[in-house]
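In what follows, a single structure is set out as structure tokens and then discussed.
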Amino acid sequence: LDRRIEVSNPHDELGHLAETLNRLIERLEDAVTEIRRFTADASHELRTPLAILRSEAESALRKSRSEEEYQATLRVVVDEATRLGTLADQLLLLSRQDAGLDAVLIDMVEIDPVLLDVAESLSLLADSRQVILQAQCNCNAAVAGNDIRLSQVFFNIIENAIKYSPLGSTVEIESEINEEHVRVMVRDHGAGIAPQHLTRVFERFYRVDPSRNRAIGGSGLGLSIAKSIVTSHGGTIEIESEEGNGTQVVVTLPKRDTSIRPEVPLKNAI
Ligand code: ADP
């Protein structure tokens, strides 16, 4: 169904108006398509763990099991319930950000302590994969923002770097400042991402290898959440990767002068 308004003379005033309306219609249609795709993808992602939960519970009810078998079933149930919980949190965060309703406290956030805290919270995962986290955080600067949201950004990026790294490799985390910006770089020495995938990794639910990723545990939302938060902080996020040579993610955020610390933190929507 073509909803476009026909333009008899594109040069008169009515023609210009019709063109403007046509462009608006196109944008609205794109937005609706995007929302439909998001809803379909989200439903699909929710159905998978639910189907696993249901089949595990049904087969446990059908025949009696040994103690070990029950333990194994319960482990699957806990894993899938955790996956569902994380997914629900991620979907909620994205929809709040989309609606501009993610009202959080804005304050001066020192970037180095945030990076070190995130690295610490991921040290168990790193140990389990024998990945060495090397942090060189010398930026000694603050940005205006929300520390929980910014932690989430660096958590997603560093977690990816660890998850997609080979056993025994290193992940480097660096922060630096220039005149106006704080730059954070996270570099890994994993398999890297092929160019045709690299342009799409910030899309919601996009995964390079969905079957492999399910084992690693990703939903394909981590980088899109990171991008949404960084953008709402006035920053940028870029990814560079070479197959076989690893991946580097660079986050750039506008620097703030720490000497003008606000007396009362502002409540704001970012
Ligand atoms: P996920 O939760 O699946 O990790 P992300 O949005 O964080 O989702 O990442 C999207 C996809 O990009 C991942 O599924 C993975 O295929 C790829 N990816 C992200 N970071 C890296 C990395 N450091 N090395 C290799 N591949 C990566």
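The values are calculated or read from the model by the stated rules, or taken from the named source; none is laboratory data. This one's a predicted model, so the numbers in the text were calculated from it and none came from an experiment. Counting neighbours? That spans all protein chains shown, and the Cβs are built from the backbone with ideal geometry, glycine included. Areas reflect the complete protein model, heavy atoms only, side chains present, ligands, DNA and RNA absent. Shrake-Rupley method; radii C 1.70, N 1.55, O 1.52, S 1.80 Å.
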Have a look at Leu74, Leu105, Leu101 and point out the one that is open to solvent by 50 Å² or more (accessible area, probe 1.4 Å), part of a strand (DSSP E or B), farther than 15 Å from Leu253 by Cβ and at pLDDT below 95. Leu105
For segment 9-35, what are the residues that are of a type in the set (Val, Ile, Thr) and open to solvent by 90 Å² or more (accessible area, probe 1.4 Å)? Ile35
Within segment 242-253, track down each residue that is surrounded by 22 or more Cβ atoms within 10 Å (Cβ to Cβ) and more than 12 Å from the ligand (Cβ to nearest atom). Val251, Leu253
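Would you please name the residue that is surrounded by the most Cβ atoms within 10 Å (Cβ to Cβ), looking only at residues in segment 36-71 that are more than 31 Å from the chain's Cα centre (by Cα) and among the small types (Gly, Ala, Ser)?
Among them, the one singled out is Ala60.
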How about segment 190-241: which of its residues are open to solvent by 60 Å² or more (accessible area, probe 1.4 Å), touching a residue at least 24 places away in the same chain (Cβ under 8 Å) and either in a loop (DSSP other than H, G, I, E, B) or near the ligand (Cβ under 6 Å from one of its atoms) (or both)? Ala191, Arg204
Working only within segment 155-189, note down all residues that are of a type in the set (A, V, I, L, M) and open to solvent by less than 20 Å² (accessible area, probe 1.4 Å). Ile157, Ile158, Ala161, Ile162, Val171, Ile173, Val182, Val184, Met185, Val186
Would you call Ser128 out of contact with any Ser or Thr (no Cβ under 8 Å at 6 or more places or on another chain), more than 16 Å from the ligand (Cβ to nearest atom) and open to solvent by 20 Å² or more (accessible area, probe 1.4 Å)? yes
Test result for Leu115, open to solvent by less than 50 Å² (accessible area, probe 1.4 Å), in contact with a Phe, Trp or Tyr (Cβ under 7 Å, 6 or more places away or on another chain) and among the hydrophobic types (A, V, I, L, M, F, W, C): yes
Determine whether segment 137-154 contains at least one residue that is within 13 Å of the ligand (Cβ to nearest atom), under 29 Å from Leu53 (Cα atoms) and under 17 Å from the mean Cα position of the chain (by Cα). yes
Out of curiosity, is Glu58 closer than 24 Å to Leu94 by Cα and at pLDDT 90 or above? no
Take segment 127-164 and flag every residue that is assigned to a loop (DSSP other than H, G, I, E, B) and without any contact (Cβ under 8 Å) to a residue 40 or more places away in the chain. Arg129, Gln130, Asn138, Asn140
Any pair with Cβ under 6 angstrom, 6 or more apart, that starts in segment 67-88 at a residue that is polar (S, T, N, Q) and ends at one that is open to solvent by less than 60 Å² (accessible area, probe 1.4 Å): Thr73/Glu56; Thr73/Ala60
